[in-house]
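The values are calculated or read from the model by the stated rules, or taken from the named source; none is laboratory data. On a predicted model such as this, the values are computed, not experimentally measured, just so you know. Quick note on the areas: whole protein, heavy atoms, side chains included, nothing else; ligands and nucleic acids left out. Shrake-Rupley method; radii C 1.70, N 1.55, O 1.52, S 1.80 Å.
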Amino acid sequence: MPRNSDSILLESVATHRRRLRQAFVLGRLADRRLVNDNVKRFIGSVVLAAVVGVGCLGYSFVTNALAQQAAQQQQQQETK
């Protein structure tokens, strides 16, 4: 039983030190949470949507260009 209480005490001290270190580096908790945490998720979602949109646009452009090139080659072969 004494080992269990010792490990609980050590874990409690480690948690307390980690919280103090974060408070020292990042500031008070009230100051850190002024901006809504979902803003980062929203910005990430917008960036992801933009990347997916550009990827779809690029894929469409490449397939269209290849189709036009194939059509031109077919026309050239028919005229020969």
Problem - Residue among Arg33, Arg18, Arg28, Arg41 that alone is open to solvent by 100 Å² or more (accessible area, probe 1.4 Å) and at pLDDT 90 or above - result: Arg18
Completion exercise
Counting only residues that are open to solvent by 100 Å² or more (accessible area, probe 1.4 Å) and either among the hydroxyl-bearing types (Ser, Thr, Tyr) or more than 22 Å from the chain's Cα centre (by Cα) (or both), segment 48-65 contains a total of 2
